[in-house]
Structures are given as C-alpha cells and as structure tokens.
Amino acid sequence: MDQYSVPAGPAAGEFRDRSSKFVAALYHVQDEAAALDAVAEQARIHNRCNHHCYAYRLGPGPDRWRANDDGEPSGTAGKPILGQIDKAGLSDILIVVSRYFGGTKLGTSGLINAYREAARLALEEVTVTQQLLLTGVRLAFGYALMTPVMSALSQLGLEMADQAFGERAEVLLELPESTASATVRELQAAIAGVYVEEVGDDFEVEGLTVLVTPTGD
C-alpha cells in the first residue's frame, strides 16, 4: 500500500463523569519529539490537572507507538486511548487527555471508560486524509543526456518534483513506494534505448547517476 490514514488537523473532545472532566486534544504528529512537545503544551494549558495521559501511533507499520498513564493506575488511561486510535485506523496521531478531578474516585473501570470516551469524542471530530508513501529518485546527468532523459520522462508520464541545472542537470522524481523500483528500471531502459528486460540490478546508463531514497512524504 502506498498510503495510510492520518488526521488532517487537530481535534478535541470532552467527557464528564461524576464532576470529573476529561479533556482530549488530538494532534497530527510525525515523530516522537513532536508528540512529546504537544503533551508538554497540553500540560501548560491545563496546568491544574495532575494527569496528562496520552497515546500516539506513528508511520504506516504497527511498531511505532506509545501509551502513557501519567500516574493513573496501570492500563487505565494510555491503552484505552490507544485502543480508540487503532479502532479508528489512524496513524501519525497523538491524543492527550488531561483530567480535572471532581472529588469522587471513579475506580479502575470508570477511569478506563472516561479516557476511552474522551479519546473517542475527539476522534469523532477529526477530518481524515491520506499520507502518501513515496520514494525519491534523483537523476543526475550530463547535458548530452538531456533529450533522452526528458523523452523518457514524457514517455512514462512522469512529472518532475524538482530540477536543477549546474555543471550537471538534476531531476527529482517522487514515485509511489511500491512501484518505484520497476519504474526506475523502465526509466533506465527508455533512456538507454533498450528493452526493460535487459535492465538488471547492475545496469548503468553511461553519464547517468540514479539515487533512490525514501522521502516518507
């Protein structure tokens, strides 16, 4: 897959139970540093709260996540928040829930429900968009190859994301991650004027340098 679902922007939700108030703030974040900065921001905004519990999930895979109970009984806050994030199928997302204590203890089940509901209400308000998984392909070549390169780009229907012209010409392409390798082979074949079946892992076009790097965006 070349895309995954992320928040298009921030959202908020609020849940009340027996005079306690649980205020949820949802952020679109792309790394742990941004997530922790957002947690700190919510702690400053809601400085009368003793607990700022949160969960985040990052990237397209299942491995980059964190759930934090911030002093609440273990498993009563961060995991319920993360559960709602996963139920919504979103990533690159942080939800922080700040708790205003109303004087009545809610118990384990009450806390789980409150943090879960605050996160759910924030998720109900969010707009979802798609994060593309792209691979950057940079072509560097001498001007003698200008016509073959431009012709190959046109032939394959590829648009340049960027270009630069110095001692050598450089062109940047952003290709879907799943098809990038095959497209690079087709591009090399078109520039060299050979069949794509002739292009192997060690194939080179004289005067052309190809650098492939994931862009993540």
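Key figures
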item: Matching residues in the stretch 107-122 - criterion: being surrounded by 21 or more Cβ atoms within 10 Å (Cβ to Cβ) and either not small (Gly, Ala, Ser) or not in a helix (DSSP H, G or I) (or both); result: Leu111, Tyr115, Arg116
item: Residues within the stretch 129-144 that are surrounded by fewer than 17 Cβ atoms within 10 Å (Cβ to Cβ), of a type in the set (A, V, I, L, M, F, W, C) and within 12 Å of the chain's Cα centre (by Cα), tallied; result: 1
item: Qualifying residue in the stretch 187-206 (condition: free of Cβ contacts under 8 Å to residues at least 60 places away in the same chain, under 27 Å from Gln3 (Cβ atoms), surrounded by fewer than 18 Cβ atoms within 10 Å (Cβ to Cβ) and not assigned by TED's automatic domain parsing to the domain that holds Leu26); result: yes
item: Subset of the stretch 58-80 (residues that are hydrophobic (A, V, I, L, M, F, W, C) and more than 16 Å from Tyr27 (Cα to Cα)); result: Ala77
item: Number of the exception - Thr76 against (1) buried (at least 18 other Cβ atoms within 10 Å of the Cβ); (2) polar (S, T, N, Q); (3) under 28 Å from Leu133 (Cα atoms); result: (3)
item: Extreme residue, farthest from Gln30 (Cα to Cα), among residues of the stretch 81-106 that are assigned to a strand (DSSP E or B) and in contact with a Cys (Cβ under 8 Å, 6 or more places away or on another chain); result: Tyr100
item: Subset of the stretch 34-51 that is of a type outside the set (A, V, I, L, M, F, W, C) and touching a Lys or Arg at 6+ places or on another chain (Cβ under 8 Å) - its residue that is nearest to Asp70 (Cα to Cα); result: His51
item: Residue check, Ser178 at pLDDT 90 or above, surrounded by fewer than 15 Cβ atoms within 10 Å (Cβ to Cβ), in a helix (DSSP H, G or I) and not assigned by TED's automatic domain parsing to the domain that holds Gly59; result: no
item: Residues satisfying the stated conditions in the stretch 123-156, i.e. farther than 30 Å from Ala11 by Cα, part of a helix (DSSP H, G or I) and touching a residue at least 12 places away in the same chain (Cβ under 8 Å); result: Tyr143, Ala144, Leu145, Met146, Pro148, Val149, Ser151, Ala152, Leu153, Gln155, Leu156
item: Selection from the stretch 89-106 of residues that are surrounded by 15 or more Cβ atoms within 10 Å (Cβ to Cβ) and out of contact with any strand residue (DSSP E or B) (no Cβ under 7 Å at 6 or more places or on another chain); result: none
item: Elements of type strands (runs of 3 or more DSSP E) in the stretch 1-67, at least 2 residues being assigned by TED's automatic domain parsing to the domain that holds Ile95 and more than 18 Å from the chain's Cα centre (by Cα); result: 11-17, 20-28, 51-57
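Table: residues versus (1) acidic (Asp, Glu); (2) under 16 Å from Ala11 (Cα atoms).
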| residue | (1), (2) |
| --- | --- |
| Asp31 | yes, no |
| Asp37 | yes, no |
| His52 | no, no |
| Ala55 | no, yes |
| Asp70 | yes, no |
| Gln84 | no, yes |
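The values are calculated or read from the model by the stated rules, or taken from the named source; none is laboratory data. From a predicted model like this one, the values you see are computed outputs, not experimental measurements. For neighbour counting, all protein chains shown are included, and Cβ atoms are generated from backbone atoms with ideal geometry for every residue, glycine included.
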